[in-house]
1. Arg266 to Asp120: FRET efficiency via 1/(1 + (r/R0)^6), r the Cβ-Cβ distance, R0 51 Å, to the nearest 0.05?
2. With a cap of 11 neighbouring Cβ atoms within 10 Å, and only residues DSSP puts in a loop, list the trypsin sites (Lys or Arg not before Pro) found in the range 13-51.
3. Within the range 191-207, list the residues whose amide N lies under 15 Å from a label point set 7 Å along Cα→Cβ of Asp273.
4. May I ask for the distance between the Cα centers of the range 4-37 and the range 299-329, given as a whole number of Å?
5. If amide hydrogens are placed 1.01 Å from N in the peptide plane, which non-local residues have theirs closer than 5 Å to the one on Asp338?
6. Relative to the longest principal axis of the C-alpha atoms of the chain, give the angle of the C-alpha long axis of helix 234-247, reported between 0 and 90° and rounded to the nearest 10°.
7. Multiply the residue gap between Leu9 and Ser91 by 0.36 nm, knock off their C-alpha separation, and tell me the result in nm, one decimal place.
8. With each label point set 7 Å from Cα along the Cα-Cβ vector, what nm distance links Lys296 and Glu195?
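Read-outs throughout are calculated quantities, based only on the coordinates presented, and are distinct from any laboratory measurement. For clarity, every value in this text was computed on a predicted model and none was experimentally measured. No Cβ is skipped: glycine too gets one built from the backbone with ideal geometry, and neighbour counts run over all protein chains shown.
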Amino acid sequence: MRVRSKSNLVFRRERFGMSVYVPERDDIFLLDEQVSNLLDSIGPDWTNFSSKKSGLDVLASLGIIEAVRSSGTPITQRGYSGIHLIGKFLSTPIVERPLLVNCFATSWCPLKCVYCHADDLMDPKTRENEHPDQINDVAEVAKNLDALVYVVTGGDPLTRPERTLALINMIPFDAAVVLDTSGVGQVDDMVRILEARSIHVRVSVDSMNPRINQKLRPLNKKIFPELAIDGRTSLDYVEKMLVAGLELGAGVSVQTVVTKHNDSLRHMLDLRDWLLSRGVRNWVLHIATNAGMANKAFVAKKKKLGNETNAGIFPSPNTSRILRKLVDLTMDEGIDMDIRTTNASPTPNSVFLVGSVGSLFVQGFGPGRVDKKRLSFHQSDISGMWGTFSDAGHVSRYTNLDIFEGPQSMQLDLE
Ligand code: SF4
């Protein structure tokens, strides 16, 4: 077998080995020392390696190396929905710096999603006082956190493309960038942003049914009336953005929030097939939590109804099992798709976020609601600050550990 390294990976040495980001699939893999050493030994030129190392096939199919069998057949990158810990790990590995930091390019958003968690960072005062200099502060705090991956988000970055471009150009070039958008905006703006550097674009869709998607992700017609022309819904915009992202050759993924409106296995399978038919091969599912707007609506409706039975949008208690089934069916059918899941509830203090004015927040969880606790942040305090928060939760969230039971790492045959 001949192998060579890939030039577009972003990686970082860690105490346990290495963390690696594969941009096409927007996946972070953590490698143990043995696998990391093997990766270090693979250079940019094609080299013959023993075909007995079947672990090389796995690394190639995950997109971590390039490989060609002795027969001349290349090993192509394939969908993978399993654990992202590769090698021997006895427990969740600890990273000393964040794997991923979310950075607000703006607090403006064209939607008003029923479960929005960022509502407290998008208050009118913050939005209306946005000025161009703040984006330097956002970039400065983000850079000091020294993350592997920066997710440029909001609000919606497409509402303020100049701020988004400025931020993206200030993010270190040895880190990865993900554009996280509702997909509602101008295609030209997204194209300009994606052409600035190598960027993975993540677009949000909750249902292939426009009525359900619009119920969960309605346009904010009051602030952005021009987007609602001709009766357009958020799904109409998303379809155009998916086409544009795929045509540009950018890595594209879709993220979905699972609520009681889309939590059946049938709905999930239909949405999966809708995404596949449009060329999407990467799908991230988040289970809705009792937080932000979802919590406010739940409390108000519970008061009105006098009970909480139908008050919330939260999915069935069986959701983890349904998502597991979705992954199993997709793998059994040999479908080339990555499905990653996060269940935020059991992992407090695991999400870092830099607000649109350059303040660092960590998402914390209390009974029944979520507060984002503001941190006073100094560069010299990074290691102390990191030790205070849920490092295991952070790793679990970004390596697909949240809903997996059984073996927590994938061992490779490298002998
Ligand atoms: S697109 Fe994101 S930021 Fe905007 S309302 Fe929806 S969840 Fe909130």
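1. Numbers: r = 35 Å, r/R0 = 0.68.
The value I calculate is 0.90.
2. Details: sites: Arg13, Arg15, Arg25; in loops: Arg15, Arg25.
Of the trypsin sites (Lys or Arg not before Pro), the ones in loops of the range 13-51 whose Cβ has at most 11 other Cβ atoms within 10 Å are Arg15.
3. Answer for this model: none.
4. Each part's Cα centre sits 36 Å from the other's.
5. So Asp338 has HN proximity to Tyr80, Asn282, Trp283.
6. On a 0 to 90 degree scale, this one is about 30.
7. Details: separation 82, 0.36 × 82 = 29.52 nm, distance 2.52 nm.
Result: 27.0 nm gained on full extension.
8. 3.8 nm
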